[in-house]
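Notes follow once the structure below has been shown.
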Amino acid sequence: MGGLSGEGEDLLKGRPLFLLGFMGAGKTTVGSLLARTLGCSFVDLDVLIVERVGKSIVDIFETEGEESFRRYETEALESVAEGAMVVATGGGVVTREENWKVLNKGITVALMASPEVLMRRLGRGEGRPLLHDEKDWRELLNERESLYMRAQLVIDTTCLTPEEVVDCILGALEEGL
């Protein structure tokens, strides 16, 4: 799976590709690999928020609350709404309807995985402010699952390597996604 040298960006047709999914679904890993393969930019929305606000995600949640974080997230999302690039979103970006207006301007791909695999990938959840205990975590996953299913393409990453996920996305793009 080498780079597509120029034709990769053409597959995006000038649109951003937004990766959606719960914490641990593989958005950052897959996004970075996909962008490299397509020969386009990669943006991690959480990193962009940290750079803009000057605080870690945990600090934003602790000092300003979730609502402030979600506002920063919407502003960051709006700033990457145009152009051929791959964007790894935060797991909760799907919870605000106004974000869907932005997401729907691009290509939406949801990465899903079984709860057991997500928990294993997340480990202890350090640096993840909404991951306190397993009961809370599972409730959050259940709340968001139907929102992730609104994506144009949904991929179960439970048994796939990041490279295989990228191949699935490339195949869908080649078929006109």
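Every number in this text was worked out from the coordinates using simple rules, so none of it is lab data. These numbers were taken from a predicted model, which means no experiment stands behind them. Note that each Cβ is placed from the backbone with ideal geometry, even for glycine, and that neighbours are counted across all protein chains shown.
Taking only the Cα atoms of the chain, the radius of gyration and Dmax are 15.5, 46 Å. As a rough footprinting exposure proxy, the listed residues 120, 15 were ranked by other beta carbons within 10 Å of their own, and the order from fewest upward is 120, 15. Summary value for region 14-167: 37 percent relative contact order, contacts being C-alpha pairs under 8 angstrom separated by 6+ residues.
Comparing 83, 21, 65 in a Gaussian network model of the chain, where Cα atoms under 10 Å apart are tied by springs, the biggest mean-square fluctuation is seen for 65. For trypsin sites (Lys or Arg not before Pro), the sites in region 138-171 that DSSP calls loop and that have at most 16 other Cβ atoms within 10 Å are 150.
Placing +1 at every Lys and Arg Cβ and -1 at every Asp and Glu Cβ, with all other atoms neutral, what dipole size does region 14-167 have around its Cα centre, in debye to the nearest 20?
340
The charge dipole of region 13-74, taken about the Cα centre with unit charges on the Cβ atoms of Lys, Arg (+1) and Asp, Glu (-1), comes to about 500 debye, rounded to the nearest 20. Close lysine pairs were tallied over region 14-167: pairs 8 or more places apart or on different chains with Cα atoms under 26 Å apart number 4.
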